[in-house]
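Notes to accompany the following structure.
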Amino acid sequence: MSDKILVIGEMRDGTLRNVSFEAIAAAKKIDDQAEIVGVVLGDEDLEAQATEMIYYGADRAVALKNEKLKLYTPEGYSQALMRVIEKEAPAGIVMGHTAAGKDLTPKIASKLGTGLISDVTEIESDGDQPVFIRPIYSGKAFEKKVITDGITFVTIRPNNIAALKADSSRTGDVLVEDVEITDLRTVIKDVIRKASEGVDLSEASVIVSGGRGVKSADGFKPLYELAEVLGGAVGASRGACDADYCDYSLQIGQTGKVVTPDLYIAVGISGAIQHLAGMSNSKVIVAINKDPEANIFNVADYGIVGDLFEVIPLLIEEIKEI
Ligand code: FAD
């Protein structure tokens, strides 16, 4: 592969999301000789964020600035990125497989007339050629893909390819550039987020997830407590969301979020195939269920057969003593 890979950083509330740094590590796996160029976008001086891309392994960084980039729009971001892609003529582009990544990258790929390998969880090497591994059939199988022609354009699933350790002694050029954006057909005035507590679900390394077995909104309280002592986030099955025990923003699965934490604790969740699609690639899975025949035990590394309302307080007590 040739000489340059662009890594598109993603910001939330002015801070780069961890997947941006994972994307840099992915770019290095694609070609460890390539020049890695970090790209950040926004409406203000993003020098600090661009420099952070360098600490995590980028060789240089470009910050694209325009007031129309304050809030994400596929049109504004794709216009800005097309300008930098045309200028840099990269051999590869990497971005996180996040909501914005899923929205933006197909648009850019079609403008470039190139292919896109999405939702990559692992990158191997076959001689000189990177081999991209991605889950298919809701995580029941994996396919390996290679790119034979054109730009190597990939999105990576968060929490799968480890970021490199930040090194604040690393240096590289940072270019802050005012980028031209023509009038947008859609303008986002404001984003009103639902109040969410604690750690972001898609980037959490520990998730405690509740199902219909939790029985009520109040039944989620011990799960929040367990998540807090573990420094994790709370998720849910669709069963729990449908029953109005919690908000749909917590739903994990085929029609919810796809997560890959280091530790996933499934509490009162039966393990329907649609739920497994969102969490079965978690590194360690613990299931707590009173039914020893529950399907969730087929994917669990550790299983506790018992009543969640008895097991969780004991777990919290034990963990607090560590
Ligand atoms: P249940 O299947 O009712 O399981 C509850 C579990 O709790 C049982 O195993 C029971 O033994 C256990 N339990 C009860 N009381 C206790 C207790 N006191 N202590 C311990 N354990 C207890 N589901 C998703 O989760 N995510 C999705 O994205 C999703 N997408 C879907 C898309 C489609 C098109 C369809 C058709 C379905 C989808 N579903 C999804 C729904 C899915 O099929 C299941 O219905 C749902 O996952 C079941 O949720 P549950 O495991 O919480 O509930």
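The values are calculated or read from the model by the stated rules, or taken from the named source; none is laboratory data. All figures in this text were calculated on a predicted structure; none of them were measured in a lab. FYI the Cβ positions are ideal-geometry reconstructions off the backbone, even for glycines, and counts take in every protein chain you see. For accessibility, only protein heavy atoms count, side chains too; no ligands or nucleic acids. Shrake-Rupley method; radii C 1.70, N 1.55, O 1.52, S 1.80 Å.
A dipole drawn for the chain from +1 and -1 charges on Cβ atoms has a positive end, and of L81, Q254, V154 the residue lying farthest that way is Q254.
What are the chymotrypsin sites (Phe, Trp or Tyr not before Pro) within the range 48-147 that DSSP puts in a loop, where the Cβ has at most 14 other Cβ atoms within 10 Å?
Values: sites: Y55, Y56, Y72, Y77, F132, Y137, F142; in loops: Y56, Y72, Y137.
Within the range 48-147, the qualifying chymotrypsin sites (Phe, Trp or Tyr not before Pro) (loop, at most 14 other Cβ atoms within 10 Å) are Y137.
From the largest down, the range 99-207 spans 46, 41, 38 angstrom on the principal axes of its Cα atoms.
In this structure the chain gives 49 Å² per residue of accessible area when probed at 1.4 Å with all protein chains present. Placing pseudo-labels 7 Å out from each Cα toward the beta carbon at V284 and T182 gives an inter-label distance of 5.5 nm.
Rolling a 1.4 angstrom probe over the range 250-294 with all protein chains present gives an accessible area of which 54% lies on carbon and sulfur atoms. The region of the chain that goes longest without hitting one of the trypsin sites (Lys or Arg not before Pro) in a DSSP loop, each with at most 11 other Cβ atoms within 10 Å, is 1-139. I need the Debye-formula profile for the range 215-261: one equal scatterer per C-alpha, no solvent, reported as log10 I(q)/I(0) at q = 0.13, 0.29 1/Å, two decimals. Listed by q, the Debye log ratios stand at -0.28, -1.10. With Rh defined as the Kirkwood radius, the inverse of the mean 1/r over Cα pairs, the Rg/Rh of the range 75-157 is 0.98. Computed from the Cα positions only, the extents of the range 1-107 along the three principal axes stand at 35, 27, 24 Å, in decreasing order. What stretch of the chain, leaving out the sites themselves, is the longest with no GluC sites (Glu not before Pro) in a DSSP loop having at most 16 other Cβ atoms within 10 Å? The segment 45-179 is the longest one with no such site.
Quick one: go through the range 153-171 and flag any residue whose amide nitrogen is under 17 Å from the point 7 Å out along the Cα-to-Cβ line of T114. Under cut-off, by backbone N: 153-156. Placing unit charges on the Cβ atoms of the charged side chains and taking the dipole of the chain about its Cα centre, the candidate lying farthest along the positive direction among I265, S138, L46 is S138. Expressed as a whole percent, the accessible area of the range 1-56 that falls on carbon and sulfur atoms is 37 (1.4 Å probe).
Sort the range 205-322 into rounded, prolate or oblate with this rule: let a ≥ b ≥ c be the square roots of the eigenvalues of the Cα gyration tensor; rounded if a/c is under 1.5, and if a/c is not under 1.5, prolate when a/b is larger than b/c, oblate otherwise. Rounded.
Taking the Cα centre of the chain as reference, the dipole from Cβ charges on Lys and Arg (+1) and Asp and Glu (-1) amounts to some 760 debye. Projecting label points 7 angstrom from Cα along Cα→Cβ for K70 and Y302 puts them 4.8 nm apart.
In the frame of its principal axes, the chain has Cα extents of 60, 47, 40 Å, reported largest first.
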